[in-house]
Each structure stands twice: as structure tokens, then as C-alpha cells.
Amino acid sequence: MDAQTKDRIQSVIDANDIVLFMKGTPDQPRCGFSATVVQILGSLGVPFKGVDVLADPAIRDGIKEFSDWPTIPQLYVRKEFVGGCDIVKDMFGSGELEEKLGVTAPEIAPPAITVTARAAEALKSSLESPDEGVRFEVGPKFEYGLSIGTRGPKDLVVEAGGISLYLDRQSAQRANGTTIDFVTTPEGTAFKIENPNEPPKVKQLAPRALAERLKNGEELRVYDVRTPAEREAAKIEGTVLLDRAAQDAIMKLPKETPLVFHCHHGGRSQQAAEHFLGFGFKNVFNLSGGIDAWSVEVDPNVPRY
């Protein structure tokens with residue numbers, strides 16, 4: 001690390017009581033770990049300086065050497081390096097973070113959670129001692145975790161279906177109204193979690209399901225995110241190439257409009273679908289398996305490549 005980069009890092013730390021070197025900005029974190037720390041600080045009502053390392057490669061590499069810490073985000077409090085995401089989460093769970101920051105966390109009411117009889121039976125079978133309960137985690141992007149454990153000092157406790165659920169403060173704020181069920185799927189039994197607070201997600205649409213919906217006359221707008229050359233080689237009739245004009249047209253549509261995106265195998269179209277989901281569209285689909293799966297499952301006349 002050169003002296004100029006080191007001085008820039010030190011000057012930010014010296015000028016602010018709380019500094020978070022992160023990927024993205026506090027308003028738009030660009031990785032889950034950064035988002036987690038941002039939400040922890042936000043839940044404590046703590047103002048802080050966010051430094052987007054993605055905007056400055058020198059800072060991104062330099063902060064790792066500066067702190068002798070290999071990952072990002074990194075939190076500094078009054079010029080002292082605290083740690084990364086896992087350490088901040090642990091400190092938040094134990095109450096140490098509040099003490100370090102000099103704040104008192106606001107009171108949070110335990111959320112209302114329903115555990116169905118079948119889910120309760122499945123969870124109870126995993127408990128080995130009276131001290132154990134079920135840790136229920138709801139992440140920043142509403143990813144879920146169920147595990148057996150004991151209550152942490154700052155956990156909220158919810159009794160539901162004869163089960164003690166332990167939630168950290170962040171999870172509790174995202175969990176109100178959630179139902180935990182245990183269902184049978186084609187792949188076997190699994191827990192099913194329905195959370196009314198969860199924002200819309202990109203839905204996967206199987207080729208045969210898309211064909212059936214189009215056959216029934218549903219007003220789906222299907223966009224091809226591949227290159228013009230790929231589309232020349234093979235295309236699904238009735239789809240529209242996602243060029244600049246198509247993107248501009250989409251932005252003028254009502255946010256409830258069903259949008260379907262496809263590419264060769266489903267990766268690029270997933271990214272496109274998530275892009276438009278971010279603009280507030282609520283019914284966004286990705287064609288699972290892409291045009292290749294369409295050729296195999298629906299229309300063998302569409303060439304594979």
C-alpha cells in the first residue's frame with residue numbers, strides 16, 4: 001500500500017466516529033455481508049460514514065493491509081478496528097456492540113409467528129434437551145435459517161406450537177406474521193416459510209408451464225436477453241429481443257405487468273429479471289433452463305446450440 005492510500009484511509013477514520021468500509025453504499029449495499037452490518041447499525045440508530053470500496057480499487061486493497069483483515073466490510077469505532085460481519089453480528093447478539101458504540105438499542109416487541117402442528121412435530125424431534133430451542137434467522141434478503149440451539153443474551157423468544165423460537169433483533173424485525181410449515185415436495189419433505197414482509201422475488205417458470213400459460217392466452221411479455229446473433233440462430237416465437245428500445249418500453253409498463261425473461265440456459269435472464277425487479281416490477285419470471293430447455297421440453301424445432 002502506498003503512503004497516499006494509507007493517509008486517505010487514516011484521514012477518513014480520524015474524521016468520523018464510526019466508519020464502515022463496505023461494498024456499495026449505506027443506501028444500496030452490494031453484498032449481503034455489508035447489508036447485514038448496515039442493518040445492524042441502522043437498528044441501533046447509529047449514524048456512520050460508509051466508504052464504498054468498489055468505487056476505489058486502491059482503498060479496496062489498501063484497507064485489508066491497513067487493518068490486517070482479509071475481508072470486507074470492516075467497521076471502525078472511534079479509530080479502533082472492530083472487525084468484519086461475523087464479529088459485528090456476534091457483538092450485536094451479546095450486547096457488546098451497543099456498549100462499544102455507547103448506545104442503547106430500542107425495545108422490539110416479539111413478532112407473531114405461527115408454527116403448524118406438522119412443523120412443530122418435526123422440530124420437536126430434533127430437540128435433545130429442555131434448554132434447547134429453535135433458532136430462527138431471517139437475513140437481509142429474507143433468506144431463512146432454522147437450527148437447534150440455546151438462547152442468546154439478546155435474543156427475543158417466541159412461543160409457537162409448543163416450540164421456543166429464538167430470534168436476534170434483526171430477524172425479529174423481519175419476521176412478524178410468518179408461518180412455518182412442514183410440507184411434502186417432489187424432492188421430499190421440507191420446511192416451508194411464508195413471510196408477508198418478504199419483498200417480491202424472481203419466480204422460476206418451467207418451459208412447459210410457460211407454454212401452457214401462453215396457450216391459455218395469458219398476457220405475458222416474454223423477452224430474449226441474448227445477443228442478436230444467438231437470436232438469429234434460434235428463437236422462441238412471440239418473444240422480444242431485450243434491446244434498448246424494449247428496455248425503455250418496459251419502464252413505461254404498469255408495475256403489475258407479468259414479465260418473463262429468457263436466455264440460453266437461464267443465467268443472464270436471471271440477472272435481467274432481478275434488474276427489473278429492482279425497479280418495482282412485482283410479477284417477474286425467469287425461464288428456467290432457458291431456450292435450451294424450451295427446445296428439449298416444448299418445441300424440438302427450435303435449434304439447440
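Overview of results
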item	result
So Glu96, is it surrounded by fewer than 16 Cβ atoms within 10 Å (Cβ to Cβ) and more than 21 Å from the chain's Cα centre (by Cα)	no
Verdict on Ala172 being among the small types (Gly, Ala, Ser), out of contact with any Leu (no Cβ under 7 Å at 6 or more places or on another chain), touching a residue at least 40 places away in the same chain (Cβ under 8 Å) and not in a strand (DSSP E or B)	no
Some residue of the range 138-146 being more than 26 Å from Glu98 (Cα to Cα) and in a loop (DSSP other than H, G, I, E, B)	no
Scope the range 99-117; condition closer than 15 Å to Thr179 by Cβ, exposed (fewer than 14 other Cβ atoms within 10 Å of the Cβ) and over 25 Å from the mean Cα position of the chain (by Cα); matching residues	Ala117
Residues (of a type outside the set (A, V, I, L, M), in contact with a Lys or Arg (Cβ under 9 Å, 6 or more places away or on another chain) and surrounded by fewer than 20 Cβ atoms within 10 Å (Cβ to Cβ)) located in the range 40-65	Ser43, Asp52, Asp56, Arg60, Glu65
Single residue of the range 255-305 satisfying the filter (over 17 Å from the mean Cα position of the chain (by Cα) and of a type in the set (D, E, K, R)) that is nearest to Ala234 (Cα to Cα)	Arg304
Index of the failed condition, Arg78 passing every other in (1) over 26 Å from Arg174 (Cα atoms); (2) crowded, with 19+ Cβ neighbours inside 10 Å	(2)
Total residues in the range 40-73, condition assigned to a loop (DSSP other than H, G, I, E, B) and of a type in the set (D, E, K, R)	2
Qualifying residues in the range 209-238 (those that are of a type in the set (Val, Ile, Thr) and farther than 17 Å from Asp299 by Cα) - the one surrounded by the most Cβ atoms within 10 Å (Cβ to Cβ)	Val225
Residues (assigned to a loop (DSSP other than H, G, I, E, B) and among the basic types (Lys, Arg)) located in the range 74-123	Arg78, Lys79
Residue within the range 245-252 that is farther than 22 Å from Val296 by Cα, assigned to a helix (DSSP H, G or I) and basic (Lys, Arg) present	no
Residue in the range 201-211 that is among the basic types (Lys, Arg) and farther than 30 Å from Arg174 by Cβ present	yes
Any hit, the range 223-230, residues being assigned by TED's automatic domain parsing to the domain that holds Ala293, within 23 Å of Gly280 (Cα to Cα), touching an Asp or Glu at 6+ places or on another chain (Cβ under 8 Å) and aliphatic (A, V, I, L, M)	no
Residue match in the range 195-208 (condition: of a type in the set (Val, Ile, Thr) and modelled with pLDDT of 95 or more)	no
Qualifying residue in the range 19-33 (condition: free of Cβ contacts under 8 Å to residues at least 40 places away in the same chain, in contact with a Cys (Cβ under 8 Å, 6 or more places away or on another chain) and either assigned by TED's automatic domain parsing to the domain that holds Val82 or hydrophobic (A, V, I, L, M, F, W, C) (or both))	yes
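Conditions tested, residue by residue: (1) without any contact (Cβ under 8 Å) to a residue 24 or more places away in the chain; (2) surrounded by 12 or more Cβ atoms within 10 Å (Cβ to Cβ); (3) under 26 Å from Cys31 (Cα atoms).
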site	(1), (2), (3)
Ala119	no, yes, no
Leu123	no, yes, no
Gly133	no, yes, no
Val158	no, yes, no
Thr178	no, yes, yes
Asp181	no, yes, no
Glu187	yes, no, no
Val202	no, yes, yes
Pro207	no, yes, no
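The values are calculated or read from the model by the stated rules, or taken from the named source; none is laboratory data. This one's a predicted model, so the numbers in the text were calculated from it and none came from an experiment. Ideal geometry is used to build each Cβ from the backbone, glycine not excepted, and the neighbour counts take in all protein chains shown.
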